[in-house]
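Down below is the structure, laid out as structure tokens.
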Amino acid sequence: METGLSILLTFLLQQISHEGGQADGGHDGCVPGFQVKNYQLVYSGPFQKGQPLLQVEFDDCAGNEDVTFEVSDPSFLVDGDLNLVPHQNVKFCGPALLVHGFGAHADDVAQVDVSGLPVQSENTLRDILGLGPKLPYRSKRSLLVPPMIVTENQRAPFPRIIGKSHVISPEKPVNHIFRLIGPGADHDPKGLFTIDIDTGDVSVSRSLDREAIDSYQLEVSTTDFAGNVIEGPAILVITVIDQNDNRPIFKESRYTGEVLEGSPTGTTVMTMTAFDADDPSTDNAALRYNIIRQSPDKPSPNMFYIDAERGDIVTVISPTLLDRETLPTTTYELEIVAKDMAGSEVGLTGTATATITITDKNDHAPEFTHPLFEARVHEGSRGVVVNLTVDDRDDPATGAWRAMYSIISGDPTQRFEIQTNPDNNEGMLSVVKPLDYETTAFHTLLIRVENEDPLVPEVGYGPSSTATVHVTVEDINEGPVFFPDPLIVTRMENIPVGSFVASLNATDPDILEIQSIRYAVLSDPAGWLSVNPVRGTVNTSASLDRESPHVQANKYTALFIATDNGAPPATGTGTLIIHLEDYNDNAPFVVPSVAQVCEDAHDINVAIVGGWDKDLPPNTAPFKIELGKQPGLDKTWKVTRLNSTHSQILLLHSLKKANYQLPLLITDSGVPPLSNSTEVKVQVCICTKTKRYCSSAHSHRTSLVLLATLLLVLLCL
């Protein structure tokens, strides 16, 4: 019913407006609203659900986006194709349907006349509104429940009457009463609203809060005393009218933003947004923003402006004055006020603080504090020799301030290096390759400084971004230098004591001074060498032995020291490496010292022995191994060569199980050759297929001789 009344009132207002528009002669172009105001619909029986009945013509002159339609009879609707369609089966309807179309660009009402309807009683307000016919026994009665409003935050006394429900009939029987049900009445929140059972007056029983619940939908009906429904139920909508009882609130008490120095006037810095819990469709929640304080207020108290409606903070100060390096501070604090009631004097306010930081851009090139820097450094030393200082007005926390140094001339051999000190931005010039006073006593370097970040286009590096550094090399008494170092010579071992080995050569780098040099032995592990302190000649003081443990890979290493007569004296060290050639001074010997054969000459009766020599070829193999000179040995034993290093010992006939000392003679191939007489313990064992049984007793040297003698006598008989 409420929808029907609303559309009816809208229709009447539109008609008045339409007449006024015609009186004014209309206007050219597109007219927003229904292009046809009246439509005809013939009733030929009940309308079927979903059946398009006719198409209305509506144009809001903006593409018909977000246009909404309402029909006075809720049994009908207008679909997306502008067709009037029943959304349920309809047997009866009023003779006239009102269609309300509204949106952001148009608000208009059209009428649909329905003809051919069955004959009924005279049209009533119910018919006009399209609410359908009443049942026969209620044709003279109707329950009218208009929407009601109540303002929030009302004060006592309560209850207060806010509206009235009506029964449209000649009279209301005394046994019929009004009943109110729904949330706010008999459902939570219970007891907010009551109805007078006799008069239909609706009352509110206590203060309401629109921010908690902004509307209530209840049902009104009339019943008899037994509770049987006579009329209704009809929907009662109670709307809570807003009061300005909520202040604007910022989500944060403090906001931060930043703007780059030199930004154009009108640059948006940040947006402030407050929230008001009041009705957003009223001025109670219409907020306006304002800056009430700027700190500091230099160079202008109005450096920033805030859009009153959107809350955008923008710059007002000119780009020239928005210079981080000349402003009294890089951080500004604004106190922002949000006021409701569209900013009127009676509006409530909320405040917040906006902190704006002026950020840096690289609009200042670094400049050396002096065009010339000087340094003094001892020759031969390394490390930092001078710190170069620069000024840069940009933000020290950014790459617009941090410096990068480079040597652009004066260092062809790359003896210098420059790095940035991260703590103070100074350039640390260092010597990385020792300087030599005698070669160059003075160096002139040209140094350039730049920033990590590139400069803005309108700024460039000037003459102050380069500086000259004079480095003076101071002379010191340098120690003598051996050449070559190491000195490598080849000598034969066992040369006579006092033999010449090498001549040391050390020179003094201080060529501008005349100094003498004296030599001494610094390290001689075997004590084999001596040096002439003036001439530097090295001679043997003991026999050189290649086989000594002090010789590694045939090389003997000794260290010598050279000292000049400067003040104070300086020293240098040099290395002498003697490559020792081998001399045949070590006789060979037989290995192993123990060999085994079987007592039965038919078993395994051969033992293998080899030669070993401390010397080097050709003073070693091939070795000659033969029996000793004792008579009769060759009757029992035989030695034959296998290769250049090994020979085999053969038992010629059976011997009893025992240990025998067999004399052998081994000779190397040196010039002259060296021989060595040695004995090998030969174990004569009892042998089986899997094991040997050898004697652990002492060797029988004499038994061999007796056996050999006995054999000789027998042969002579």
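The values are calculated or read from the model by the stated rules, or taken from the named source; none is laboratory data. Keep in mind it's a predicted model, so treat the numbers as computed, not measured. We place every Cβ from the backbone using ideal geometry, glycine too, and count neighbours over all the protein chains shown. Surface accessibility is based on the protein's heavy atoms, side chains included, excluding ligands, DNA and RNA. Shrake-Rupley method; radii C 1.70, N 1.55, O 1.52, S 1.80 Å.
Region 553-631: which trypsin sites (Lys or Arg not before Pro) are DSSP loop and have at most 12 other beta-carbon atoms within 10 angstrom?
629
Summarise the accessible area of region 280-435 (1.4 Å probe, protein heavy atoms) by the percent that is carbon and sulfur.
Its accessible area is 48 percent carbon and sulfur atoms.
Rg(Cα) of the chain divided by 2.2 N^0.38 Å?
Its radius of gyration relative to the 2.2 N^0.38 Å reference: 2.30.
Give me, ordered by chain and number, the residues 5 or more places off residue 312 or on other chains with an amide H under 5 Å from its own placed amide H.
272, 307
Would you compute, from DSSP H runs of 4+ residues alone, the mean residue ellipticity of the chain at 222 nm, taking -39500 (n - 2.57) per run and dividing by the full residue count, rounded to the nearest 500?
Roughly -2000 deg cm²/dmol at 222 nm, from the helical runs in the chain.
Against the longest alpha carbon principal axis of the chain, how many degrees, from 0 to 90 and to the nearest 10, is the axis of helix 701-716 turned?
Between the helix axis and the principal axis of the chain, the angle is about 50 degrees.
Computing the accessible area with a 1.4 Å probe over protein heavy atoms, can you report the carbon and sulfur percentage for region 42-90?
Carbon plus sulfur share of accessible area: 42 percent.
Rounded to a whole number, what % of the accessible area of region 561-687 do carbon and sulfur atoms account for, probe 1.4 Å?
The C+S portion of the solvent-accessible surface of region 561-687 is 56 percent.
How would you rank 556-564, 485-493, highest first, on the average number of other Cβ atoms within 10 Å across their residues?
Going by the mean number of other Cβ atoms within 10 Å, highest first, we get 556-564, 485-493.
Residues of the chain: accessible area per residue at 1.4 Å, in Å²?
Details: 38290 Å² over 717 residues.
The answer is 53 Å² per residue.
Could you give me the ³J(HN,Hα) list for region 357-368, computed from phi with Karplus coefficients 6.51, -1.76, 1.60 and θ = phi - 60°, whole Hz, x at Gly and Pro?
Whole-Hz 3J(HN,Hα) from phi for region 357-368: 9, 7, 8, 8, 10, 7, 10, 9, 6, x, 10, 5.
Would you pull out the residues with amide H under 5 Å of residue 685's amide H, same chain only if 5 or more places away, H placed 1.01 Å from N?
597, 598, 599
Pull up all non-local amide H partners of residue 76: gap of 5 or more, or a different chain, and H-to-H distance under 5 Å with H placed in the peptide plane.
Amide H neighbours of residue 76, under 5 Å, 5+ apart: 87.
What list of ³J(HN,Hα) couplings, whole Hz, do you get for region 611-621 from phi and the Karplus terms 6.51, -1.76, 1.60, once you set θ to phi - 60° and write x for glycine and proline?
Residue by residue, region 611-621 yields x, 9, 9, 6, 6, 10, x, x, 8, 10, 5 Hz.
Give me the three principal axis extents of region 274-422 from the C-alpha atoms, as integers in angstrom, largest value leading.
If we take the Cα atoms of region 274-422, the spans are 87, 27, 19 Å.
Once each part is reduced to its C-alpha centroid, what is the distance from region 563-640 to region 432-473 in angstrom?
So the two Cα centres are separated by 69 Å.
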